[in-house]
Structure formats: C-alpha cells, structure tokens
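Q: One structure, pasted below without further comment.
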Amino acid sequence: MSNLNLVVVEALVSHFERLGAQVQELAAPLDDEQFWRRPFAFGNSFGHLVLHLTGNLKYYIGAEIAGSGYVRDREREFAEPERPSKKDVMSRFDEAVEIVVKTLRTQSDQDWGKTYTALREEDAGNRFGIFLRCASHLHHHVGQMTYLAAQLARKDGSA
C-alpha cells in the first residue's frame, strides 16, 4: 500500500468513524418516541434519517463495492411504518459504518480509479468519488440531526 493510499484510507476511515460516533452521541438522549417524532411538518424524524444513512452506506459501498448483496428500499427509509426500536436502528447504522471502514481498508492504489456507477449515482465516476460523496452525504445529515436533536430537547423542556 503506497503512502498516499494509506493517507487517503486512514483519513476517510477517521472521518466516517467520527461522523458515526456523532450520530450515536446525538441519538443517545432521545427515547424511542423522540427518535421517530417529526418536529417539523416539512422534515424527517431522526430515526428516518438514520434509516436513510444506513441504506445509503449499505447500498453504495456495501452492495456496490463490497458485494454484500444488500437491496435498498430508499422510499421506505423515509416512510418506515414499523418504527423499529432505536436500539435496532442504531445497531444497523453501526454495521453500515463498519462495512464502510472494512471496505476502505481493502482499497488498493488501483481501486480508487475503478469506474463506479450505481442507481442515483450514475455520475460518481470512480470509487474515490463515491466514498467522497457518501462522506459528504453523511456529514450533511449529521448537521440536520444536530438541529433535530436540539429542537426535540427544547420541545421537551430539556434545554
């Protein structure tokens, strides 16, 4: 593994692990009801965002690069009627982050430039591009989750 490859892998691993830990930290004080509550009529619940991020990572990296066989139901991520427990949803999210980390650590110098295309990411270009997009996507939603968690605490009188 070249020095540049090692630098890229470790930087991305660190970023995904840090963002994964942030999601866990933001979810920790929420009970199951808060986890699924939509504090804004125009937005998502914290739980639905976690389902969405889990599906995103398990599909774009798990299925399309690691060959996990994961089948994504993107529409259900935003409309899951079953509302599984927060514990189960967060456990699946952790699994998704771990798949990303393991897959990152298998990338060689030659892998980064391999052609990559997938549903809704037809223009990703290469593997480096999809890892970068997934990291950006996760970071974007962590920002939304930060705001949601603060709003939920405020509405419940916790802040």
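Computed from the coordinates by the stated procedures, all read-outs in this text should not be read as laboratory data. For clarity, every value in this text was computed on a predicted model and none was experimentally measured. Cβ placement follows ideal geometry from the backbone for every residue including glycine, while neighbour counts extend to all protein chains displayed.
Q: Is it the case that the stretch 46-69 has a residue that's hydrophobic (A, V, I, L, M, F, W, C), touching a Ser or Thr at 6+ places or on another chain (Cβ under 7 Å) and farther than 17 Å from H137 by Cα? Reasoning before the result, please.
A: Filtering the stretch 46-69 down to residues hydrophobic (A, V, I, L, M, F, W, C) leaves 46, 49-51, 53, 57, 61, 63, 65-66.
If we keep only those that are touching a Ser or Thr at 6+ places or on another chain (Cβ under 7 Å) as well, we get 61, 65-66.
Retained after the next criterion (residues that are farther than 17 Å from H137 by Cα): 65-66.
Within the stretch 46-69, one or more residues are hydrophobic (A, V, I, L, M, F, W, C), touching a Ser or Thr at 6+ places or on another chain (Cβ under 7 Å) and farther than 17 Å from H137 by Cα.
Q: Test L138 against the criterion of being within 13 Å of the chain's Cα centre (by Cα) and either buried (at least 17 other Cβ atoms within 10 Å of the Cβ) or in a loop (DSSP other than H, G, I, E, B) (or both), and give yes or no.
A: yes
Q: Still on this structure, please answer the following. Checking K102 against (1) farther than 21 Å from R38 by Cα; (2) surrounded by 15 or more Cβ atoms within 10 Å (Cβ to Cβ); (3) not acidic (D, E), which test does it fail?
A: That leaves (2) as the condition not met.
Q: Let me ask you something else. Which ones in the stretch 36-84 are surrounded by 13 or more Cβ atoms within 10 Å (Cβ to Cβ), among the small types (G, A, S) and free of Cβ contacts under 8 Å to residues at least 60 places away in the same chain?
A: Of everything in the stretch 36-84, those that are surrounded by 13 or more Cβ atoms within 10 Å (Cβ to Cβ), among the small types (G, A, S) and free of Cβ contacts under 8 Å to residues at least 60 places away in the same chain turn out to be G47, G55, G62, A63, A66, S68.
Q: Could I ask something else about it? Given the criteria out of contact with any Pro (no Cβ under 7 Å at 6 or more places or on another chain) and either assigned to a helix (DSSP H, G or I) or of a type in the set (S, T, Y) (or both), does D123 qualify?
A: no
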